[in-house]
Structure formats: C-alpha cells, structure tokens
Amino acid sequence: MYGAIEAGGTKFVCAIGNENLEIIEQVSFPTTTPKGKWRNYNFLDTLKSYFNVPIALTTDVNAAAYGEYVKGYEKKISNIVYFTIGTGIGGGGILNGELIEGFSHPEMGHMKVVPHPKDSYKGNCPFHGNCLEGMAAGPAIEKRNGVKGQDLSEEDSFWEIEAYYIAQCMYNTTLMLSPDVIVLGGGVMQQDHLVKKVRNQFKHMLKEYVQIPKINHYIVTPKLGQRSGIIGGLALAEKALYNARESIH
Ligand code: ADP
Ligand code: ZN
C-alpha cells in the first residue's frame with residue numbers, strides 16, 4: 001500500500017493506493033488556515049518523524065506530470081510536460097522518465113509572454129507583472145472580465161486572448177524540451193473549448209518550424225482528470241520505496 005498527500009492552497013487530499021496505483025480510500029478537507037502559515041514548515045522531516053518508511057516530496061505539478069507518465073500513459077512515452085492553469089500557473093516536466101530538477105524545481109508558469117495586441121491588462125504577478133501567470137491564471141481572467149472564468153460565456157472573445165498566452169507557453173515548451181506530449185490541467189482548462197483554441201493558435205505561431213506529433217495527441221487535457229496529482233503521489237511513493245530497496249542491495 002502507498003500513501004499520498006496533495007497539499008493545495010484550497011484543499012488537502014489524502015489517499016491510500018494499492019500496488020497498481022488504484023486509490024483504495026481518499027479524504028479531502030479544506031486547508032482553512034491561510035496557505036501562508038505553511039511557509040517554511042518542514043513538512044518532510046515532520047512526516048519522517050512519524051513514519052519509518054521512504055517518503056518523497058515534490059511540487060504539485062511535478063506529481064501531476066509523474067502521475068500522467070506512470071498511470072495515464074503507462075510509461076509508453078517518457079517525455080511529458082504538465083501545466084496547471086488555475087489560481088496560479090505551474091509546469092512540471094519528465095524527460096527520459098525522470099523529473100526535471102536543476103538547482104530547484106522549474107517555474108515554467110512565470111515565463112515571459114508577448115502581450116496580445118488587443119489586451120491592455122498589465123498583469124498581476126507580484127514578481128513580474130505580465131509573465132504568463134500574471135496574464136493568464138484564473139485571477140487575471142477575473143480581474144479583466146469582472147467575473148470568474150467559470151462564469152464567463154464560452155462565446156466571449158476573451159477566450160482567444162487566453163488561448164494566445166497558453167499557446168505561447170506551448171510554443172516555448174515545444175522548442176525548449178520537445179516533449180512527446182503537453183498536458184493542460186487546472187480549473188481554467190475545464191473550459192472544454194479552450195484546448196482547441198490553444199492548439200489552433202499554437203500551430204499558427206509555430207509555422208511548422210518543427211514537426212510535432214499529431215496535434216490532438218500532443219496538446220491534451222489530463223488522462224487522469226483531476227486525479228493526476230494524487231495518483232502521481234502514489235507513483236512517487238512507489239518510486240521512493242524502489243529507490244530505498246535498491247540502495248540496500
Ligand atoms: P488551484 O489552482 O487553486 O489548485 P484550480 O485548478 O481549480 O485550483 O483553479 C482555480 C481557478 O480556476 C480559479 O481562478 C477559478 O476561477 C478557475 N476556474 C475554475 N473552474 C473554471 C472553469 N470551469 N472555467 C474557467 N475557470 C475556472
Ligand atoms: Zn511571474
């Protein structure tokens with residue numbers, strides 16, 4: 001059995017899974033105390049002091065990318081980038097079956113984007129203003145339109161502007177990493193029409209400079225739906241156990 005905890009700003013999800021990474025039991029509860037209170041909290045060592053088992057810790061998007069890789073795609077492809085377009089924007093990547101980690105985890109959500117000619121919004125990233133997150137995450141949609149993304153009509157012309165920013169992210173990711181697939185998750189992607197708009201604008205930007213896999217299989221929504229992160233947590237637990245066994249032998 002494996003355990004996973006997905007610690008989010010809105011809610012915590014805890015799950016137990018079996019060796020096939022199938023969830024046996026799951027609970028979730030609101031984070032309530034401000035997310036800020038977790039800042040600098042030593043999550044990993046605290047857990048280790050209670051449980052004498054291998055434990056791994058990573059970012060939400062790394063876990064989601066890993067979940068899609070192991071369970072969603074059953075390791076049939078080994079280069080995946082996962083983005084969440086939600087309260088913030090984050091990206092995690094797997095290359096040759098391994099999570100991309102440099103001096104720290106990547107922060108792909110804060111990449112530079114070119115402003116849309118019809119968009120006068122200045123952006124709301126506290127660090128960079130008009131980076132991708134500052135222009136295209138849920139709160140930026142709400143600030144421009146006066147309503148949350150879920151309350152904005154599918155017909156609204158704003159969605160082409162939203163797609164323009166996400167398409168730039170697809171363009172940069174394609175040229176930087178040439179993954180086999182880019183998965184787009186998070187609340188904003190629950191707009192079913194959006195992924196098609198992103199694909200179209202992306203193709204327009206790329207101008208066939210590189211040959212990409214079939215577009216409908218290249219820019220996709222998560223195979224595991226909302227459960228990529230928590231199942232990814234189970235998969236990382238399996239990996240931590242495997243690594244611990246390897247180091248003994
Ligand atoms: P979080 O990023 O906090 O983990 P989500 O991925 O659900 O959570 O993202 C929340 C953001 O997504 C909010 O800004 C919300 O307005 C937006 N959102 C949620 N559902 C939709 C929807 N159906 N269409 C567009 N935006 C949505
Ligand atoms: Zn930023």
**Fill in**
When the range 70-89 is checked residue by residue, the ones that are of a type outside the set (A, V, I, L, M) and touching a residue at least 40 places away in the same chain (Cβ under 8 Å) are Lys71, Gly72, Tyr73, Ser78, Asn79, Tyr82, Phe83, Thr84, Gly86, Thr87, Gly88
**Asked** Ile55 is checked against (1) more than 16 Å from ligand 1 (Cβ to nearest atom); (2) on the phi > 0 side of the Ramachandran plot and fails just one. What number does that condition carry?
**Response** (2)
**Asked** If you go through the range 102-120 one residue at a time, do you hit one that is more than 25 Å from Asn79 (Cβ to Cβ), in a helix (DSSP H, G or I) and not charged (D, E, K, R)?
**Response** no
**Asked** Identify, please: which residue in the range 27-37 is closer than 22 Å to Arg227 by Cβ and surrounded by fewer than 13 Cβ atoms within 10 Å (Cβ to Cβ) and is, among those, modelled with the highest pLDDT?
**Response** Val27
**Request:** Answer with yes or no whether Asn40 is modelled with pLDDT of 90 or more, more than 16 Å from ligand 2 (Cβ to nearest atom), at positive phi and not in a strand (DSSP E or B).
**Result:** yes
**Complete:** Only one of Asp180, Asp156 is in contact with a Pro (Cβ under 8 Å, 6 or more places away or on another chain) and of a type in the set (D, E, K, R), namely Asp180
**Fill in**
Subset of the range 56-96, residues over 18 Å from His217 (Cβ atoms) and assigned to a loop (DSSP other than H, G, I, E, B), comes to Ala56, Leu57, Thr58, Thr59, Gly86, Thr87, Gly88, Asn96
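Considering every residue within the range 172-180, establish whether at least one is hydroxyl-bearing (Ser, Thr, Tyr) and in contact with an Asp or Glu (Cβ under 9 Å, 6 or more places away or on another chain). Break it down into steps so the answer makes sense when it comes.
So the first thing to find is which residues in the range 172-180 are hydroxyl-bearing (Ser, Thr, Tyr), and the list is 173-174, 178.
Those still in the list that are in contact with an Asp or Glu (Cβ under 9 Å, 6 or more places away or on another chain) too: none.
The answer is no; no qualifying residue exists.
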**Complete:** Checked the range 1-26 for anything surrounded by 15 or more Cβ atoms within 10 Å (Cβ to Cβ) and among the charged types (D, E, K, R); matches are Glu6
**Request:** For Ser120, work out the one condition from (1) more than 22 Å from Val220 (Cα to Cα); (2) of a type in the set (Gly, Ala, Ser); (3) surrounded by 19 or more Cβ atoms within 10 Å (Cβ to Cβ) it doesn't fulfil.
**Result:** (3)
**Prompt:** Among the residues of the range 225-249, how many are among the hydroxyl-bearing types (Ser, Thr, Tyr) and either in a loop (DSSP other than H, G, I, E, B) or surrounded by fewer than 13 Cβ atoms within 10 Å (Cβ to Cβ) (or both)?
**Reply:** 2
**Request:** Give the residues of the range 126-144 that are assigned to a helix (DSSP H, G or I), within 16 Å of ligand 2 (Cβ to nearest atom) and touching a Lys or Arg at 6+ places or on another chain (Cβ under 8 Å), sorted by residue number.
**Result:** Leu132, Gly138, Ile141
**Prompt:** Could you give every pair whose Cβ atoms fall below 8 Å, whose first residue belongs to the range 35-58 and is closer than 22 Å to Ala235 by Cβ, and whose second residue is in a loop (DSSP other than H, G, I, E, B), counting only separations of at least 6 or pairs across chains?
**Reply:** Phe43/Leu57; Leu44/Ile55; Leu44/Leu57; Leu47/Ile55; Lys48/Ile55; Thr58/His105
**Message:** Take Val147 and tell me if it is exposed (fewer than 14 other Cβ atoms within 10 Å of the Cβ) and either assigned to a strand (DSSP E or B) or within 13 Å of ligand 1 (Cβ to nearest atom) (or both).
**Reply:** yes
**Prompt:** Across the range 89-110, which residue is farthest from ligand 2 (Cβ to nearest atom) among those that are over 17 Å from Gly67 (Cα atoms) and crowded, with 19+ Cβ neighbours inside 10 Å?
**Reply:** Pro106
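The values are calculated or read from the model by the stated rules, or taken from the named source; none is laboratory data. On a predicted model such as this, the values are computed, not experimentally measured, just so you know. Every residue, glycine as well, gets a Cβ built from its backbone with ideal geometry; the counts of neighbours run over all protein chains shown.
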